Amino acid sequence: MLDDTHDAHRRSWVPTANEPGTDFPLQNLPLCTFVPPNDARPRVGVGIGDAILDASDWLPGPNLNGFCALPAAQRAELRRQFVRVLEAGAPTRELFAQRDCALFNPTAVGDYTDFYASIHHATNVGKLFRPDNPLLPNYKHVPIGYHGRASSLVASGTPIRRPHGQLGEGKFGPTRELDYEVEVGALLGPANALGAPVPISEARSRVAGVCLVNDWSARDVQRWEYQPLGPFLAKNFGTSVSPWVITAEALEPFRVPAPAHDAPVLPYLQEPDAGAFDIHVEVWLRASGEATAIRLSRAPFREMYWTLGQMVAHHTSNGCPLRAGDLIASGTVSGPEKENRGCLLELTSKGTDPVRLPSGATRTFLEDGDEVILRASAERAGFARIGFGECRGIVLPASV
Ligand code: MN
């Protein structure tokens, strides 16, 4: 629901929060888990402009699991309090510069699930492997997902070592087809008990906030191992998570209707109204040895075939318990056009159509020293722009 915390005219006493183009204006107030300089105790903070407010007084504990466990009404009340504290006219307080702080994964994730909710991604990838039959017959009926691995979720900025794996019969070695996937992550709210599905009408209130996820993938390993049980070692050697949780409340102005489905959806997946978010996600590459990053793609999250609410309702429809602070990722966010393709597998058509960089170099898949940077924002006329910060990771050579 929209309220006066979304009023675009409100300003902060933190000057950088009022600069045009900032990711973190007063209307955003993303949460993070951080350690200030000269300290060692992880705690919760609120991002404002280029600074962080220590939020331990409101949200004690070393991470955002406690925040995620709050009912939606209490999350909204906290947002009102943070606005009061940071709004122009309120007494100033001690802040920490973001660049001086260490930022971590926002929650201790108990379980991580990765979906496959972009019909554009599913169709593009399907075409590469099955030109006559790109979309499998279940796609429009069941949100496809698999259980990922929480133990290899890493904070943004953590380097990713090129993994070894089986590359085909009799072949084991470093992957030659290292890829990224730009995804939106949902940090889950209050738990459901084992055996108690979350109805679709309540599902959206079980998303406490969203972040960016890079689901690094070894395509040659994936191709060899994925049938019949889905991805395994091709995707659990490292998954990067951005430090900033954009709260569900901050995203209220950007709720939009999900795309129309042209196949009937079962009642337990029928969402009452606007279940999608109008967010654009971007992938940038700073190629090895280069000083600047270039943008490889930009894609609309609102075009995902399945919404986060539908993913929660589906995931719990058999009684599977989801816990506060768990992570669901959307699957690669791609759109209909070439510039919308959210991974190199799609962008280079399985490595047959290399990306040309301004330096003259080309890429089919990632090389050692390449750095991938994910960004996202939500924009709507009459409202403050909400940014997501960044999710970064640099590729290290395989171990010998
Ligand atoms: Mn993925």
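Summary of values
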{"quantity": "Accessible area in square angstrom per residue, the stretch 242-313, 1.4 angstrom probe", "calculated": "36"}
{"quantity": "Label-point separation in nm, residue 39 to residue 171, each point 7 Å along Cα→Cβ", "calculated": "5.1"}
{"quantity": "For q = 0.11 Å⁻¹, Debye-computed log10 I/I(0) when each Cα of the stretch 112-396 counts as one equal scatterer", "calculated": "-0.61"}
{"quantity": "For a label point 7 Å along the Cα-to-beta-carbon line of residue 201, residues of the stretch 263-279 with backbone N under 17 Å", "calculated": "267-275"}
{"quantity": "Average accessible area per residue (Å²) across the stretch 31-164 - probe 1.4 Å, nucleic acids and ligands excluded", "calculated": "46"}
{"quantity": "Label-zone membership for the stretch 99-113, site residue 74, 7 angstrom Cα→C-beta point, backbone N under 18 Å", "calculated": "107-108"}
{"quantity": "Accessible area of the stretch 223-308 belonging to carbon and sulfur atoms, whole % at 1.4 Å probe", "calculated": "57"}
{"quantity": "Translational diffusion coefficient (Stokes-Einstein; Kirkwood radius from C-alpha pairs) of the stretch 4-104 at 10 °C, 1.306 mPa s, in µm²/s", "calculated": "115"}
{"quantity": "Computed [θ] at 222 nm, helices only, for the chain once each DSSP H run of length n ≥ 4 contributes -39500 (n - 2.57)", "calculated": "-3500 deg cm²/dmol"}
{"quantity": "Relative contact order (percent, whole number), the chain, Cα cutoff 8 Å, 6+ residue spacing", "calculated": "22"}
{"quantity": "Rounded FRET efficiency, nearest 0.05, which uses the C-beta distance separating residue 151 from residue 352 and R0 of 30 Å", "calculated": "0.30"}
{"quantity": "Phi to ³J(HN,Hα) by Karplus 6.51 cos²θ - 1.76 cosθ + 1.60 over the stretch 268-281, Hz, x for Gly, Pro", "calculated": "5, 10, 7, 8, x, 8, 2, x, 9, 10, 8, 10, 10, 10"}
{"quantity": "Gain upon complete extension [residue 135, residue 232; 0.36 nm per residue less C-alpha separation]", "calculated": "32.8 nm"}
{"quantity": "Added length on full extension, which subtracts the Cα-Cα distance from 0.36 nm per residue, residue 3 to residue 88", "calculated": "28.8 nm"}
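The values are calculated or read from the model by the stated rules, or taken from the named source; none is laboratory data. If you're wondering where the values come from, they're calculated on a predicted model, not measured in any experiment. Neighbour counts are summed over all protein chains in view; Cβ atoms, including those assigned to glycine, are modelled from backbone coordinates with ideal geometry. The accessibility values were calculated without ligands, DNA or RNA, using every heavy atom of the protein model including side chains. Shrake-Rupley method; radii C 1.70, N 1.55, O 1.52, S 1.80 Å.
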